[in-house]
Amino acid sequence: MKNIGFHARLYFAAFLLICSTALILDLVGVRVTKSFMYTRFNDRMEFLTKYLASTAEVSVLMDDRDSLASNALNLLEEEDVAEVVFYDGNGDILVHESREVPGPISHITKAVVLEIEGEENFLFQEGFPVDGAVIGVDRKIGDVRVSYSTYGIELLIRKITIRYFWFSFGIAIIAGLVFYLVSHPMVREVRQLTYAARQVGRGDLELRVRPGKIPETRSLALDFNSMLDAMTQSQEALERVNREMIKQKSLAEIGKFSMMIAHEVKNPLSIIKSSLDVLKKKHRLTSKNTMVAFIEDEIRRLNRLIEDFLRFARPMKPNFYETDLNHIVRSLLERFDLLVRNSEVVIESEIPDDPAPATADSDLLVRALGNVFKNGCEAAGPKGVVSARAYIADDFWTIEIMDSGDGIPSEELSKIFEPFFSTRASGTGLGLAFTRQVVRAHGGNVQARNAESGGAVFTIEIPLSSPGRPENNVLQGSKQGNLNE
């Protein structure tokens, strides 16, 4: 029984119940029918015997054996009557008629009674004795015994029993078939849920169960799918948390490593720069000398790289206060206008004159926005255009910075905000990572995409209302200098 499935057990139990019910009904029906038929048959035989006894009183009294024999033969014409015997008052046989019939045989005996009535019986007068009897009192003058066979009843009962059996068997088969047709869809849906649970146990959380037509199993399937959706969301959230934890741990390790390397390199680099200054003074060299220019450029590049590492690895706490975001952008654009004045890069802006008040750290936002503007100017190239448009929507201050460069490769869009990822050989890969940290610290969001007309578009959103930032909100980086991508 352990290996028998749910459907087989259910079907076997139902079929057994149906067969048992049909058998009980069969037995009860046959017994009731048999009792009814035997009662009616015996009542009929008793009536015939009684009738024969009532019509034979004169013939018995007159010893008219021919009449008695005629009556006996008439009764023997009944199919089930086997024997008719008339007895006189002394118990002697007057007439005995019989025929062969299959058994079993039953007997009924009725007395032949002479009804003595003064007004009805002309042979006697009331008050005169007749063979010791008093007129007006009935007396027994003989007996009639009728023997009959119950074979026909037994045969009929046997036929009825067989018919009951086949009828019950047919009902059981039909009921079993109906039960199978009704239970099969339900069991099929339960099996589907079982298979889905087994697949989910093996790790397939993408599987979903198709709701069936039965309300109960349909509700169960929908609840099962809801559970899988919740499990999938929980697993995705857990994976995101794990990835974030791994990422933070990696950043912490990178920060420690960067600070260690930066400190170890910065001191020798300072010695090299001091030694170069001594050589320049001793040998009267200037920066116009090709080798000296190369050395100074590499010293500056290494020094900038070290400063970037130190700023990104050193934790700091933002200083939030009320400021005007539009004013911050206008001031930043004025600085970049001075920086690109000697180049052919054009900076276009659409900044509203109305203030955009927000609780923010203006120094950090200047550095964060400056990184994006600097990257846009470099990506736009000679005679390129960098445009900035700011507006307010849904309690968020939004600025879109777009350049006319070649855009960002689609496979790199999801990586450009990761630390140490850069598309340029001279970049550190920390500028945009720092920008994202600053924007998130302000409760905002930064995204990058490619414009349909070409070039990259960076969208930065900062909430106008105070985001209720915790006191221990710590940001990687410092407030001095710009990070270079």
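General remarks:
- Condition check for Ser183: among the polar types (S, T, N, Q), within 30 Å of Gly91 (Cβ to Cβ) and open to solvent by less than 70 Å² (accessible area, probe 1.4 Å): no
- Complete set of residues in segment 391-415 that are open to solvent by less than 70 Å² (accessible area, probe 1.4 Å) and either of a type in the set (Gly, Ala, Ser) or touching a helix residue (DSSP H, G or I) at 6+ places or on another chain (Cβ under 7 Å) (or both): Ala393, Trp397, Ile399, Ile401, Asp403, Ser404, Gly405, Gly407
- Scanning segment 339-366 for residues that are in contact with a helix residue (DSSP H, G or I) (Cβ under 9 Å, 6 or more places away or on another chain), under 19 Å from Phe434 (Cα atoms) and surrounded by fewer than 23 Cβ atoms within 10 Å (Cβ to Cβ) yields Asp361, Ser362, Val366.
- On the stretch given as segment 181-239, residues that are at pLDDT 75 or above, closer than 30 Å to Phe15 by Cα and among the hydroxyl-bearing types (Ser, Thr, Tyr) total 3.
- Residues located in segment 76-100, provided they are among the polar types (S, T, N, Q) and either farther than 19 Å from Met45 by Cα or surrounded by 14 or more Cβ atoms within 10 Å (Cβ to Cβ) (or both): Asn90
- Thr459 being of a type in the set (Ser, Thr, Tyr), modelled with pLDDT of 85 or more, crowded, with 23+ Cβ neighbours inside 10 Å and out of contact with any Gly (no Cβ under 6 Å at 6 or more places or on another chain): no
- Sole residue being of a type in the set (D, E, K, R) and in a strand (DSSP E or B), chosen from Lys34, Lys110, Lys50: Lys110
- Residue check for Glu78: more than 30 Å from Gly170 (Cα to Cα) and either aromatic (Phe, Trp, Tyr) or assigned to a loop (DSSP other than H, G, I, E, B) (or both): yes
- Residue match in segment 312-323 (condition: at pLDDT 90 or above, open to solvent by 60 Å² or more (accessible area, probe 1.4 Å) and at negative phi): yes
- Filtering segment 336-383 to residues that are touching a strand residue (DSSP E or B) at 6+ places or on another chain (Cβ under 9 Å) and without any contact (Cβ under 8 Å) to a residue 12 or more places away in the chain leaves only Asp337.
- Filter result for Asn375 (open to solvent by less than 30 Å² (accessible area, probe 1.4 Å), farther than 30 Å from Gln248 by Cα and of a type in the set (S, T, N, Q)): no
- Segment 53-75 - residue that is part of a helix (DSSP H, G or I), free of Cβ contacts under 8 Å to residues at least 40 places away in the same chain and of a type in the set (D, E, K, R) and, of those, surrounded by the most Cβ atoms within 10 Å (Cβ to Cβ): Arg65
- Restricting segment 266-299 to residues that are surrounded by 12 or more Cβ atoms within 10 Å (Cβ to Cβ) and within 26 Å of Pro419 (Cα to Cα), the residue that is nearest to the chain's Cα centre (by Cα): Lys266
The values are calculated or read from the model by the stated rules, or taken from the named source; none is laboratory data. Not measured: the values here are computed from a predicted model. FYI the Cβ positions are ideal-geometry reconstructions off the backbone, even for glycines, and counts take in every protein chain you see. Accessible surface is based on the protein model in full, side chains and every heavy atom, while ligands, DNA and RNA are left aside. Shrake-Rupley method; radii C 1.70, N 1.55, O 1.52, S 1.80 Å.
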